[in-house]
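Let me begin by presenting the structure, written as structure tokens, before commenting on it.
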Amino acid sequence: MPSLDGIRAISFLLVFFSHAGLGSLVPGGIGVTIFFFLSGFLITTLMRAEFEKNGFVNLRHFWLRRIFRIWPPFYLVLLVTGLAALAFDPPGTLSAPAVRAQLLHYTNYWIIGHGYSGQPAGTGVYWSLAVEEHFYVLFPFLYIAMRKLRLSAAGQLKVLWGICALVLAWRCVLVFGWHVPTDRTYMATDTRFDSILFGCALAVWNNPVLDARPLNERRWKYLIVPGALAVLIGCLLYRAPEFRETLRYSLQGLALTLIFTAAIRFHGWLPFRFLNWRPIAFMGVLSYSLYLLHYAVLFAAERNLPGLAPLLQGLVALAVSLGLAWIIYVTIEKPFARMRRRLTD
């Protein structure tokens, strides 16, 4: 699918440089939101293609594909960072309940209640994987139900966007009615899975990969895409906490719907060519492992290279992260991908 690996790379770089000390300049949160949207779009596109080919979605195969894709790097990085914490950190640094929450994929709610204390250094990013894991358990049932009910593409879109509207309303109740802390709305599955659902909605209606409907190229390039980018930038610049934890995610989902459509359909357009440049696309291929391990590498660089300027520490950490992610890709991800294909084809 054109541009998707490049979008993964850009999302990772946003998160990386935010964690590398540039959080006041680089919006790492939007990188996570883009990852969510892309995940929903890709997963639903694959389910839709399977249903339209076979007349059903094989749930066993669906979950096997997710398990073989996500769990091997997930548990490898957690194991290595946990062993490093036991070897080099003071006794008591790790907390069994905190690590158990990561192992069992409810660390987002654990962090909301208890903070990051007790986790291996650099594994705080696992909260977003918990959101996705919860989503993967539930969404296939909704998608299959919509198809069994013979809802049209527009009908499916209305259902998914309707759920997104309900999630927005729930965030508003939490923020304006109960005055919950930011982590509650930023990390909880029940308040963030609409970022994934917006990607699902694009997959079921006017999918830029499966639905080759004609688009007015000039209108998209010179009106719709600039307008969507203006919405994203506005969401980043407007800093009111109530807006950021309620309407912001919904507006970002709508804007990303338009940007993804254009990036895939007009991938040869100059602003999108960068996304399909081979080094950037390859970084996108490595992006999952990069996301899992980069923060731990940043912590290690800060600890072991105190004499280096923060910028140089960040560049060293990026190079090391790329090398480690490539090793994981070759030794873990590719073999498990072959195994996944044998079990599900």
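What follows is calculated from the coordinates using simple rules that are stated; it is not laboratory data. Just so we're clear, the structure is a prediction, and the values are computed from it rather than from any experiment. A quick note on method: Cβ atoms are made from the backbone with ideal geometry, for glycine too, and the neighbour counts reach across all protein chains shown.
So the values come out like this:
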| quantity | calculated |
| --- | --- |
| Potential extension, Asn206-Trp269 segment - 0.36 nm per residue separation minus Cα distance | 20.7 nm |
| Positive dipole terminus of the range 38-169, leading residue within Ala165, Leu149, Tyr136 (C-beta point charges) | Leu149 |
| Residue with peak Gaussian network fluctuation, the chain [Cα springs, cutoff 10 Å], from Ser11, Ser287, Ser95 | Ser95 |
| Shape of the range 25-148, Cα gyration tensor, a/c cut at 1.5 | prolate |
| HN-Hα J in Hz across the range 288-305 - Karplus 6.51, -1.76, 1.60, θ = phi - 60°, x for Gly and Pro | 5, 5, 4, 5, 5, 9, 4, 5, 5, 5, 4, 4, 5, 5, 5, 6, 9, 10 |
| FRET efficiency, Trp170 to Leu79 (Cβ-Cβ, R0 41 Å, nearest 0.05) | 0.70 |
| Length-normalised contact order of the chain in % [C-alpha pairs under 8 Å, at least 6 apart] | 30 percent |
| The chain - charge dipole about Cα centre, Lys and Arg +1 at Cβ, Asp and Glu -1, debye rounded to 20 | 1040 debye |
| Partner lysines for Lys53 [C-alpha distance under 18 Å; skip if fewer than 8 residues away on the same chain] | Lys148 |
| Fewest-first sequence of Lys53, Lys158, Lys221 by Cβ atoms within 10 Å of each Cβ | Lys53, Lys158, Lys221 |
| Helix-only [θ]222 nm of the chain, DSSP H runs n ≥ 4, -39500 (n - 2.57) each, per residue, nearest 500 | -23000 deg cm²/dmol |
| GNM flexibility winner over the chain from Arg100, Arg218, Arg147 (Cα, springs under 10 Å) | Arg218 |
| Length-normalised contact order of the range 1-89 in % [C-alpha pairs under 8 Å, at least 6 apart] | 17 percent |
| Reach of Lys158 by Cα under 14 Å, taken over aspartates and glutamates that are not fewer than 8 positions away in the same chain | Asp194 |
| Ranked Asp183, Asp211, Asp194, Asp5, criterion: other C-beta atoms within 10 Å, fewest first | Asp211, Asp183, Asp5, Asp194 |
| Rel. contact order, % - alpha carbon contacts under 8 angstrom, at least six apart, the range 100-244 | 25 percent |
| Highest to lowest packing among 236-247, 60-71, 119-130, scored as the average C-beta count within 10 Å | 119-130, 60-71, 236-247 |
| Packing rank of 195-204, 21-30, where each peptide gets the mean count of other beta carbons within 10 Å, highest leading | 195-204, 21-30 |
| Net charge of Cβ neighbours under 12 Å - reference Ala121; Lys, Arg +1; Asp, Glu -1 | -1 |
